[in-house]
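Down below is the structure, laid out as structure tokens.
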Amino acid sequence: MESYDFLLVLALILLSTKMFGLATEKVHLPQVVGALIAGIILGPSGFGILRETDFLLKTSEIGVILLMFTAGLDTDLNELKKTGLMSALIAVFGVLIPLIFCGGLYYFFFAESYSYTNLLKAVFTGVIFSATSVSITVETLSEMGKIKTRVGTTIISAAIIDDIIGIIMLSVISGLGKEGGGSPLAVLGKIFWFFVFITAVGVIVHYLFKKLNVNHGKSKRAAVWALAYCFLMSFGAEEFFGVADITGAYFAGLILCNIAKTKTFVADKITIASYLIFSPIFFASIGIKTNISGLSAQALLFAGILFVVAIVTKIVGCGGAAKVCRMTNRQALGIGIGMVSRGEVALMLVQKGLMLKLVDEAIFPALVLVIIATVFITPILLNLTMKDYVE
């Protein structure tokens, strides 16, 4: 007999993520934190009402693809051009320092011996904590009236660049990790041809959507075709090039990001679908997977130290690069703290790592807890540092 339990699961996820999301919003934290908490409470760590199913797995994968597609659509290329080399330098050091120290910490704790697999897992842990989620920083700076300052615009641009670097690194490591590891040259070759592919397809698609933008930029067909294009790029990236599907989705959005009417209309429509059903399921599913009741003492100690290292490496990496670019001590510290928060992108990466077996199930809850903790601490530190800042 056909079961309709999935409808009850959907209702529970949507109601709980929204209620907890509104609660976290009241204390000036993003609703995504509430959605994660809802998943933890309803999952094996809490009441055990919800468990991972094939339905949730596939629906959450659509959710992460839509999130990355809209991230690509929302990328401001003009902002990237304006801040230029300074933001790129800040982003590179903001990726490199956490990559070395967060990855090194994992290796110290969990790699009993040197092996290719242990090395990949350590590097992947570093990649997770190299990603910056700028949403909480933007919200905090907006409330303080500092978003249009030099610090605010630099943080936004640098966060975009370091997420792009992180996504490319994910593609490299996922290729190396598949089926027990591939040849580095073969993986780099596939990634090279992937970028040739997205450039060629991008030129054609960009031209077609620019034509569509003239008379049908705000028609439903534009949203449908854009979504189909997103899914095709996600499929092609994973199936033919061994690159993560979310990388294909991100670059699909990036190709359309400067087509005015179409970009805005498509982003609005995709955001509605994502907000209503797919994103809540994605974030709740991460919470459901986060079984904190089974965390060992070693994993808890690792999480505590990783939390400190995750904060310090961003402040040193991004803040140090800002100082090299002749910013004041206050500005450099503000930029470093503003880049501390890891959120949606880090959660997407840790989820993808679990699927690729580059993140162990025993360590997964610890990584999620540290990501959530960085989201909590960022607005507090920003408020202490930037409250009285003026230009």
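The values are calculated or read from the model by the stated rules, or taken from the named source; none is laboratory data. Everything numeric here is computed off the predicted structure, so don't read it as measured data. So basically every Cβ, Gly included, is an ideal-geometry build from the backbone, and we count neighbours across all protein chains shown. Heads up: the accessible areas ignore ligands, DNA and RNA and are worked out on the full protein's heavy atoms, side chains in. Shrake-Rupley method; radii C 1.70, N 1.55, O 1.52, S 1.80 Å.
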Computed ³J(HN,Hα) along region 233-240: with the Karplus parameters 6.51/-1.76/1.60, θ = phi - 60°, integer Hz and x for glycine or proline, the list is 5, 5, 5, x, 4, 6, 6, 9
What is the sum of charges, Lys and Arg at +1 and Asp and Glu at -1, for the other residues whose Cβ falls under 12 Å from the Cβ of A91?
-1
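Can you tell me the length gained on complete extension of the stretch E239 to K81, counting 0.36 nm per residue apart and subtracting the Cα distance?
53.6 nm
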Dipole of region 1-131, Cα-centred, from +1 at each Lys and Arg C-beta and -1 at each Asp and Glu C-beta, to the nearest 20 debye?
320
Those lysines that a straight Cα-Cα span of less than 23 Å connects to K218, excepting residues fewer than 8 apart in one chain:
K210, K261, K263, K269
What size of dipole, in debye to the nearest 20, comes out for the chain about its Cα centre when the only charges are +1 on Lys and Arg C-beta atoms and -1 on Asp and Glu C-beta atoms?
1140
Using Cα positions and a limit of under 20 Å, work out the lysines in reach of K289, with same-chain residues fewer than 8 apart set aside.
K18, K58, K121, K352, K357
Just need log10 I(q)/I(0) for the chain at q = 0.12 Å⁻¹, Debye formula, equal scatterers on the alpha-carbon atoms, no solvent, rounded to two decimals.
-0.96
Report the equivalent ellipsoid semi-axes for region 209-259 in whole Å, largest first, defined as the square roots of five times the eigenvalues of the gyration tensor built from alpha carbon atoms.
24, 10, 7
Selected from I311, I246, I270, residue furthest toward positive end of dipole (region 203-312; charges at beta carbon)
I270
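Tally Lys/Arg at +1 and Asp/Glu at -1 over every other residue whose Cβ is under 12 Å from the Cβ of V266; what's the total? Present the calculation step by step, with values, prior to reporting the outcome.
Working: positive: K218, K220, R221, K261, K263, K269; negative: D74, D268.
Summing Lys and Arg as +1 and Asp and Glu as -1 gives +4.
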Counted charge near G319, where neighbours are those whose Cβ lies closer than 15 Å (Asp, Glu -1; Lys, Arg +1):
+4
In the chain, what percent of the accessible surface is made up of carbon and sulfur (1.4 Å probe, ligands and nucleic acids excluded)?
69
Could you rank the peptides 337-347, 98-108, 367-377 by their average count of other C-beta atoms within 10 Å per residue, with the highest value first?
337-347, 367-377, 98-108
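Of the listed peptides 197-203, 354-360, 3-9, what is their order by residue-averaged count of other C-beta atoms within 10 Å, with the highest listed first?
Ranked by mean Cβ neighbours within 10 Å, highest first: 354-360, 197-203, 3-9.
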